[in-house]
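J.: One structure, as structure tokens, below. Some questions next.
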Amino acid sequence: MNQIKVFSPATVANVSCGYDAMGFALETLGDDMIFTKTNSKDVVISKIEGAILPYEANKNVAGVVALLMLKDSKANFGLDIQIFKNFKPGSGLGSSAASASGTAFAVNQLLGNKYSNLELTLFAMQGEVAACGSAIADNVAAAIYGGFILVKNYEPLDIVSIPTPTNLVATIIHPQIEIKTEDARKVVPTQIDLKTAITQWSNVGGLISGLHSNDFDLIGRSLVDLVAEPNRKKLIPHFDDVKQSAIAAGALGAGISGSGPSIFALSKNLKTAQKVETAMDAVYKNSGIDYSTYVSHISKTGTRIQ
Ligand SMILES: Nc1ncnc2c1ncn2[C@@H]1O[C@H](COP(=O)(O)OP(=O)(O)O)[C@@H](O)[C@H]1O
Ligand SMILES: N[C@@H](CCOP(=O)(O)O)C(=O)O
């Protein structure tokens, strides 16, 4: 195989209560990327459409991940990479993670499937270091494994796939302001009190149990975040109004997608998710802020060949 085209999904990290530990992949929103083997042994990014990003391989997360994998595998080829961004960096929808995991997946295909999904996640996490300074796994693992994931442990890395209830649908509103993950991580407390911790880990347990048992009510009751959301929501215009409107329109729950500014809601079917979209839209309509909305099923496959 000399060339491969892949789709790499947008992802919602944290899922409210699971800061740095949970994430899920979207079915319909994501980036397209084309990888072509070259003889030069270099990595060249020859095209980027849809966003202004560095072309230098060591500054673009796609280049960072590709260089690492070519070196680790002692590959006898180089790469030309074309990136087609369909959603903006700094959106809270895992833009850097889409490039990092799309690259890990594609290079692995060109190498004849040398690496496991866990190894691909470790490579892609180095892309996240380049993007935001932290080796976070929640977005990249969701993109690589698909569906819902739990980062059970960071060192050593342990990723667990969580079942996705049929019919669960995500609604997203993305105000077009850029919040860099690196900056949004600085407002999250490094210490929390025991009472807060107890509530938070109970919610993670409730969310995972609800996803396993298709218990939508339990999923909704568990979409509560006492750690990141109270500190990050002030960076997001009209956050409380959007969240309340989404829940009033029938969403099971809502919260910040990743580090924001996007806000996600989960609903038990497509019709409700569309009503939630209308309700979120109504909050921003006359605000003067540019925004996009998306309704998407959860991607069960994650990054895939186009
Ligand atoms: N291929 C890429 N895709 C997206 N962002 C990239 C890429 N390469 C480098 N970056 C940098 O990563 C940062 C965006 O990452 P981040 O702040 O984590 O936002 P996001 O949540 O959208 O991933 C920006 O500074 C951007 O320039
Ligand atoms: N767990 C991270 C996730 C960042 O997601 P992104 O999509 O905003 O890059 C965090 O909350 O900082």
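The values are calculated or read from the model by the stated rules, or taken from the named source; none is laboratory data. As the structure is a prediction and not an experimental result, all values here were calculated from the model. Every residue, glycine among them, receives a Cβ derived from its backbone with ideal geometry; neighbour counts consider all protein chains shown. Protein only, heavy atoms only, side chains kept; ligands, DNA and RNA dropped before computing areas. Shrake-Rupley method; radii C 1.70, N 1.55, O 1.52, S 1.80 Å.
J.: Explain nothing, just compute: Karplus ³J(HN,Hα) = 6.51 cos²θ - 1.76 cosθ + 1.60, θ = phi - 60°, for every residue of the stretch 145-155 in order, whole Hz, x for Gly and Pro.
T.: So the Karplus estimates, Gly and Pro as x, are 7, x, x, 8, 10, 10, 8, 5, 7, 8, 10 Hz.
J.: Could you work out how far apart the two model spin labels at ASP215 and THR278 are, taking each label as a point 7 Å from the Cα in the direction of the beta carbon, and quote it in nm?
T.: A separation of 3.2 nm, rounded to one decimal place.
J.: Can you spot the lysines whose alpha carbon is less than 26 Å from LYS234's alpha carbon? Ignore those fewer than 8 places along the same chain.
T.: In chain and number order, the partners are LYS88, LYS180, LYS186, LYS195, LYS243, LYS275, LYS285.
J.: On to the next question. Can you tell me the order of 128-137, 167-176 when each peptide is scored by its average per-residue count of other Cβ atoms within 10 angstrom, highest first?
T.: Descending packing order for the listed peptides: 167-176, 128-137.
J.: Under a crude label model (7 Å from the Cα following the beta-carbon direction), how far is ILE177 from THR301 in nanometres?
T.: Reported label-point gap for ILE177 and THR301 is 3.8 nm.
J.: Once every Cα of the chain carries one equal point scatterer and solvent is ignored, give the base-10 log of I(q)/I(0) from the Debye formula at q = 0.13, 0.14, 0.16 Å⁻¹, two decimals.
T.: At q = 0.13, 0.14, 0.16 Å⁻¹ the computed log10 ratios are -0.85, -0.97, -1.24.
J.: Oh, and also: Could you give me the percent of Cα pairs per 5 Å distance bin for the stretch 1-56, shortest bin first, beginning at zero and ending with the bin that holds the maximum distance?
T.: Final binned percentages: 4, 14, 16, 18, 15, 15, 10, 5, 1, 0.
J.: Kirkwood Rh over Cα pairs of the stretch 120-201 into Stokes-Einstein at 10 °C, 1.306 mPa s: D in µm²/s?
T.: 105 µm²/s
J.: Kindly list the residues of the stretch 236-268 that lie in the label zone of LYS285, defined by a backbone N under 18 Å from the point 7 Å along the Cα-to-C-beta vector.
T.: Only 238-239, 241-250 pass the distance filter.
J.: Another question about this same structure. Listed highest first by mean packing, meaning other Cβ atoms within 10 Å per residue, what order do 110-121, 1-12 come in?
T.: The densest-packed peptide leads the list: 1-12, 110-121.
J.: Additional query: Sequence neighbours fewer than 8 away in the same chain don't count; with that in mind, list the lysines whose C-alpha is under 30 Å from LYS74.
T.: Result set, ordered by chain and number: LYS5, LYS37, LYS41, LYS47, LYS59, LYS85, LYS114.
J.: Which percent of the Cα-Cα distances in the stretch 100-256 go past 20 Å?
T.: Every Cα pair in the stretch 100-256 considered, those over 20 Å come to 61 percent.
J.: About its Cα centre, what dipole magnitude does the chain give when the only charges are +1 on Lys and Arg Cβ and -1 on Asp and Glu Cβ, stated in debye to the nearest 20?
T.: Charge dipole, the chain, about its Cα centre: 300 debye, nearest 20.
J.: Which of GLN200, GLN191, GLN109 ends up with the largest GNM mean-square fluctuation for the chain, with Cα atoms connected below 10 Å?
T.: GLN191
J.: Right, next: Which angle between 0 and 90 degrees, to the nearest 10, do you get for helix 95-110 versus the longest principal axis of the chain when only C-alpha atoms count?
T.: So the inclination is approximately 40 degrees.
J.: Computing the accessible area with a 1.4 Å probe over protein heavy atoms, can you report the carbon and sulfur percentage for the chain?
T.: Roughly 50 percent of what the probe reaches on the chain is carbon or sulfur.
J.: Moving to a separate point now. Kindly write out, for the stretch 174-184 in residue order, the coupling ³J(HN,Hα) from the Karplus curve 6.51 cos²θ - 1.76 cosθ + 1.60 (θ = phi - 60°), rounded to whole Hz, with x marking Gly and Pro.
T.: Karplus-based 3J(HN,Hα) across the stretch 174-184 equals 10, x, 7, 10, 9, 10, 6, 4, 4, 6, 5 Hz.
J.: Still on this structure: Quick one: among ASP138, ASP225, ASP42, which has the greatest mean-square fluctuation in a GNM of the chain with alpha-carbon springs under 10 angstrom?
T.: Largest GNM mean-square fluctuation: ASP42.
J.: Which whole-Hz ³J(HN,Hα) couplings does the stretch 260-270 yield from phi under the Karplus relation 6.51 cos²θ - 1.76 cosθ + 1.60, θ = phi - 60°, glycine and proline marked x?
T.: Each residue's phi maps through the Karplus curve to give x, x, 5, 10, 10, 9, 10, 10, 7, 7, 5 Hz.
J.: Another question about this same structure. Note down the magnitude of the dipole of the stretch 3-162 about its Cα centre, charges +1 on Lys and Arg C-beta and -1 on Asp and Glu C-beta and zero elsewhere, to the nearest 20 debye.
T.: With Lys and Arg at +1 and Asp and Glu at -1, about 380 debye.
J.: So what is the calculated 222 nm ellipticity per residue for the chain, using -39500 (n - 2.57) for each DSSP H run with n of 4 or more, over all residues, to the nearest 500 deg cm²/dmol?
T.: Calculated at 222 nm, the ellipticity per residue is -11500 deg cm²/dmol.
J.: Using a simple spin-label model with points 7 Å from Cα along the Cα→Cβ vector, what separation in nm is obtained for THR199 and GLN244?
T.: The modelled label-to-label distance comes out at 1.8 nm.
J.: For the stretch 3-162, build the charge dipole from Cβ charges (+1 Lys, Arg; -1 Asp, Glu) around the Cα centre, then report which of GLN126, GLY78, ILE136 sits farthest towards its positive end.
T.: The one lying farthest along the dipole's positive direction is GLY78.
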